[in-house]
Each structure stands twice: as structure tokens, then as C-alpha cells.
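Encoded as C-alpha cells, the structure appears first; notes follow it.
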Amino acid sequence: MRRRVRRIPRRSNSLGVVTTSATADPVRYVSTRGRDAGRRFSEILLEGLAPDGGLYMPTRYPRVDAATLRAWRSLDYADLAEAILERYIDDIPAGDLRDMVRRTYTAEVFGTREITPLTPLEPGIVLLELSNGPTLAFKDMAMQLLGNLFEYELGRRRETLNILGATSGDTGSAAEYAMRGKAGISVFMLSPDGRMSPFQQAQMFTLQDPNIHNLCVRGVFDDCQDIVKAVSGDLEFKRRMRIGTVNSINWARLLAQVVYYFAGWLRATGEDGGEVSFTVPSGNFGNICAGHVARMMGLPIRRLVTATNENDVLDEFFRTGTYRVRGGAETFETSSPSMDISKASNFERFVFDVVGRDPDRTRHLFAEAVPRDGGFTLTPGEFARVAEFGFTSGRSTHADRLATIASVHRASGRLIDTHTADGVHVARSHTEPGVPMIVLETARAVKFADVVREATGVTPPLPDAVAGIESLPRRFEVIPADAELVKARIAEDGTRA
Ligand SMILES: *Cc1c(COP(=O)(O)O)cnc(C)c1O
């Protein structure tokens, strides 16, 4: 393991966040709500929330200087991922980490040698393709690495894990494709019976791996989530069966997403570097939070533009400084469903930095103000930092999505999906001369074929890798909405040490 003995002096930057210029002390992770000494990466890898209800954050952002960025121009994606990840993961031997990263980011899994190709879309706007993985959405970028990290860490500890999740689409399939065939891991994925798109059902249900269990609940998505809560709330069962999750607050998932911001910048700029901006179709704020981390590390990012759909809780925050969580009746079902959120589960990480990493202030906002008042308003001083961190936002509607999908198709011949369309729509009003605008492509058009056809009259073709998937044999079980029954299925088929 590479470890420097020389202590590098720490300094606070103008925003009060400690940065260092190279790896010094071991990397530690603290809760956004607590003051404990911090834990190592492999201690938080398998965790969701911190015990005090906060989210894990590194105590500092390792700085990457201009010379290092120049040197990274010659790296392929896997080597770039290794160079970034090793700055946050120092308790896995370097050779093992390298091996996992190289097994994850292959042309075989992600369709191209570049892994995340950059495609010009229209003047000033380029698309960073993140959706060429097995489930055709950007969640594969992080989840595929998580599968290898989980298998490795569980093997090292001689432990097992039963992953229990609820999905209405993208997350569940990305988790199943990441965990299929992994030693020591079983997946029990609940989905509302008959409510996922035909393509999403085909993706999940045609997996034949014995460690993957699709449980279709007679009910809606909320019923699935209630069952996950009930099962996880039975602490004795949870401990005995080693129940875990892979939700979007997992730090390793966020970390894996930091890599493609660097990859995008390296491809969009010449030898001399220069600034770029990113527009990110956002829901739970995981994807764009990774952009914030990249910027804090020193990547020359000018603007991070948060794009929302009609569920605009984040756009409202960036315009006003008020974060107002929505109720069920105020949460709309839209044609970009993966962004239909009422609150953003990763947002607390960003606010932690905005309030100068004050855990008491963060706890007040998220553990007191949000449950009591349904939200909070930042002080003017705090809100000023949001802009200093490069953040801005915009929102998009169903009509905007249709118009954007159609105009992109007319101009470039390319079909984009509804979420990416939200991004392109918002990006168009945030471009600046001389600053390339990179829109993150979060899913492939074929996943939302009906809307794309409505907008363009063209049916997006199935990629070769998944051609014929809809006629393969399926494995799933339809069950009533009953937590006890789900427990029984896990006890019966789950992995045990
Ligand atoms: C998950 C998802 C998003 C939202 O990403 P967050 O990290 O939750 O902000 C956007 N688009 C698609 C297609 C997704 O699957």
C-alpha cells in the first residue's frame, strides 16, 4: 500500500473546507450530523445511514493539481478510476483495488473502450454517455463497481449479505446486474406487480442467476418500500439474516461517479485545460453531488447545473435558498420517472459543505427542521456559498421534454431519453461562450421508447446486447404485500455464512 509518512500541512480554503495537496493521514469518514473520530472506507462500505441518521463524508477532499490533471490525460478509464479511488480508499491493498477497477470498467461491460464517450450534440453542448452499461442507465457506472467491492469485502470478512430493495425501475435492475453471481450475496428485489415498463420487467425477470430473487408485490411502489422498512425494522431478523441495501446514499456509489466528471473534463478540454460546466438530470442528488466532490478536488468546473422535472424541490432551493420537502399529493408522476422525488436523499451531503461542515447546524436542519417544518431556509451567508460552489438550476416539463427530444433528433439524428432531455433543455439556457457544456446522459432512449416515439415518430432500436431479451424465459414470483412472507422467503433462500 502506498502511504506517505511525511505529514502535509492542512489548510482551509476560502470556503472553510479542509483540503490537502496529497495523501497524508489515513482517509476517514464522518457523519454529517456527528462529531465522532471517523471510520475507514471498508467500515462504511456496506453501510447506509450513519448510526446518528447522517450521511458519511470524507473529512477532507484530496486536492488534484494541474500537473496531475495533465498526467491523467494519458490514462484509460480504469486507470483514471484507480487514481481517483485510491485517494479515498486506503484500506484495501492497492493491487486488489486495481484488480477490481480493471474488472469493472471493460469494453465488454460498457460497450466501448472509452467507457464514457463524449458526443457533440449542438453548438456549445456535448453529451457524456453514461448509459452503455448492462441496464442502459447511468446507475451501472457505480453499481458495477459496488458489486465487486461488496464481494471483495464480504470475502475478506468471511461474511454474507442479503440485499433487500424496492424498485420502480432503474435502481433495482442496476443492482441485480451488479450483484448477479457474486459470492456471498443474494438480492431480494421488490417491485410493484405489473407497473414497471415492459423493457424493465424483461431486464430484471430474465436473469437466471440463482442469487437473484424478483418478488412482485401486489400493490404499488410505496407498499414495496413499506415492506423493506418493516423487514429492516425487525432488528433481530436484520442481524441474523445480514440484511443490507444498495441505495443511493452509499458513499462508494457516489465516489464511483466522481470519476466520470474527470473523464468528461479530460475529453472536453485540450492540453491547456480550461473550465467546463455540467448539467445533470437530478433526483436524489447523488449524481450531481459527485460533481461537487470533483470540483472540490480541484477539477476546473465552472457551473454545476441541477436539472429537475416538474418535481422541482431542488430547482426551488437553488433559486430561493428554501428547501421544502413535498408530500405525496405534491409529487407528480412524470415522463422522466427516475427524477420523481419528494425529497433528495443525498442533499444533506452538499448542505453539510454549505454550512461549513458544522454537524450541529446540519443536524438541526435535517433532523429537526425538515421533520417539524417540512423544510428550511438557509441564512443569506450560507446561501451565498451555494453560488460559490458553482451551483445553479433549471426545470423542465413534459412539453419541454417532447420538444427537446424532437429538436435534438432533427438537428443531430440522435435519440435521447426523457431524463437526458430534461438535462439538455435546462443546459440550453445555461451555456456561456467558450465554456463547453457537458450534459450527462442518464439513460438510453429505448428505456422510455413510448415518449421518444411520441416526440419523434421513431422507435428507438434495441442495442444488440439486449436484442431478443423480451422473449427469454423469466424468473419472478408474485406475492401479496406482506412483510412476514418476504421474511420467510429470505430465510428460505437467502445466503448464510
Ligand atoms: C437515478 C436517475 C436519475 C437521478 O439521479 P440522482 O443521482 O438520483 O440525482 C436521473 N435519470 C435517470 C435515468 C436515473 O436512473
Task: Matching residues, segment 463-484, being without any contact (Cβ under 8 Å) to a residue 60 or more places away in the chain and open to solvent by 60 Å² or more (accessible area, probe 1.4 Å) - done: 464, 467, 471, 484
TODO: Being within 12 Å of the ligand (Cβ to nearest atom) and part of a loop (DSSP other than H, G, I, E, B) is the filter; apply it to segment 240-261 and report the residue that is nearest to residue 92 (Cα to Cα).
DONE: 250
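Table: residues versus (1) in a loop (DSSP other than H, G, I, E, B); (2) away from the ligand (no atom under 15 Å from the Cβ); (3) in contact with a His (Cβ under 6 Å, 6 or more places away or on another chain).
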| site | (1), (2), (3) |
| --- | --- |
| 148 | no, yes, no |
| 153 | no, yes, no |
| 162 | no, yes, no |
| 175 | no, no, no |
| 182 | yes, yes, no |
Task: Unique match (being out of contact with any strand residue (DSSP E or B) (no Cβ under 7 Å at 6 or more places or on another chain), modelled with pLDDT under 95 and either closer than 30 Å to residue 121 by Cα or among the small types (Gly, Ala, Ser) (or both)) among 248, 232 - done: 248
TODO: Considering each residue of segment 284-296, count those that are open to solvent by 10 Å² or more (accessible area, probe 1.4 Å) and in a loop (DSSP other than H, G, I, E, B), and give that number.
DONE: 1
Task: Positions within segment 425-443 being surrounded by 15 or more Cβ atoms within 10 Å (Cβ to Cβ) and either modelled with pLDDT under 95 or more than 14 Å from the ligand (Cβ to nearest atom) (or both), in sequence order - done: 427, 428, 430, 431, 435, 436, 437, 438
- [ ] Within segment 280-294, identify whether any single residue is more than 13 Å from the ligand (Cβ to nearest atom) and over 16 Å from the mean Cα position of the chain (by Cα), and answer yes or no.
- [x] no
Task: Cβ pairs under 6 Å, 6+ apart, first in segment 200-224 and of a type in the set (Lys, Arg), second surrounded by fewer than 18 Cβ atoms within 10 Å (Cβ to Cβ) - done: 218/480
Open item on the list: Can you tell me which condition residue 337 does not meet? The list is (1) open to solvent by 10 Å² or more (accessible area, probe 1.4 Å); (2) more than 16 Å from the ligand (Cβ to nearest atom), and all the others hold.
Closed with: (2)
TODO: Count, please, the residues in segment 39-96 that happen to be over 27 Å from residue 351 (Cα atoms) and basic (Lys, Arg).
DONE: 2
Task: Top-ranked residue in segment 340-383 [being among the β-branched types (Val, Ile, Thr) and touching a Gly at 6+ places or on another chain (Cβ under 8 Å); ranked as farthest from residue 315 (Cα to Cα)] - done: 362
Open item on the list: Exactly one condition in (1) closer than 27 Å to residue 227 by Cβ; (2) out of contact with any helix residue (DSSP H, G or I) (no Cβ under 6 Å at 6 or more places or on another chain); (3) in a loop (DSSP other than H, G, I, E, B) is false for residue 474; which is it?
Closed with: (2)
Open item on the list: Go through segment 258-280 and report how many residues are open to solvent by less than 10 Å² (accessible area, probe 1.4 Å) and in contact with a helix residue (DSSP H, G or I) (Cβ under 7 Å, 6 or more places away or on another chain).
Closed with: 10
Open item on the list: Suppose we filter segment 311-324 for residues that are more than 12 Å from the ligand (Cβ to nearest atom), buried (at least 19 other Cβ atoms within 10 Å of the Cβ) and in a loop (DSSP other than H, G, I, E, B); how many remain?
Closed with: 1
Open item on the list: With the condition being hydrophobic (A, V, I, L, M, F, W, C), I'd like the helices (runs of 4 or more DSSP H) fully within segment 353-423 carrying at least 3 qualifying residues.
Closed with: 380-388, 398-412
Task: segment 394-422: number of residues that are within 15 Å of residue 283 (Cα to Cα) and surrounded by 23 or more Cβ atoms within 10 Å (Cβ to Cβ) - done: 6
- [ ] Scan segment 26-37 for residues that are surrounded by fewer than 21 Cβ atoms within 10 Å (Cβ to Cβ) and either assigned by TED's automatic domain parsing to the domain that holds residue 362 or within 16 Å of residue 87 (Cα to Cα) (or both) and jot them down.
- [x] 26, 27, 28
- [ ] Give the number of residues within segment 340-352 that are more than 10 Å from the ligand (Cβ to nearest atom) and not in a loop (DSSP other than H, G, I, E, B).
- [x] 5
TODO: Would you tally the residues in segment 446-459 being at pLDDT below 95 and crowded, with 18+ Cβ neighbours inside 10 Å?
DONE: 4
TODO: Looking only at segment 165-176, decide whether some residue is open to solvent by less than 10 Å² (accessible area, probe 1.4 Å) and over 16 Å from the mean Cα position of the chain (by Cα).
DONE: no
TODO: Being within 14 Å of the ligand (Cβ to nearest atom), in the same structural domain as residue 430 (by TED's automatic domain parsing) and either among the aromatic types (Phe, Trp, Tyr) or open to solvent by 10 Å² or more (accessible area, probe 1.4 Å) (or both) narrows it down to one of 129, 122, so name that one.
DONE: 129
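Taking residue 304, is it open to solvent by less than 40 Å² (accessible area, probe 1.4 Å), in contact with a Phe, Trp or Tyr (Cβ under 6 Å, 6 or more places away or on another chain) and outside any loop (DSSP other than H, G, I, E, B)?
Values: open to solvent by less than 40 Å² (accessible area, probe 1.4 Å): yes; in contact with a Phe, Trp or Tyr (Cβ under 6 Å, 6 or more places away or on another chain): yes; outside any loop (DSSP other than H, G, I, E, B): yes.
Answer is yes for this residue.
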TODO: Please indicate, with yes or no, whether at least one residue in segment 271-279 is away from the ligand (no atom under 16 Å from the Cβ), touching a residue at least 60 places away in the same chain (Cβ under 8 Å) and part of a helix (DSSP H, G or I).
DONE: no
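The values are calculated or read from the model by the stated rules, or taken from the named source; none is laboratory data. Since we're looking at a predicted model, the values are computed, not measured. With ideal geometry, Cβ positions are generated from the backbone for all residues, glycine too; neighbour counts draw on all protein chains shown. Areas reflect the complete protein model, heavy atoms only, side chains present, ligands, DNA and RNA absent. Shrake-Rupley method; radii C 1.70, N 1.55, O 1.52, S 1.80 Å.
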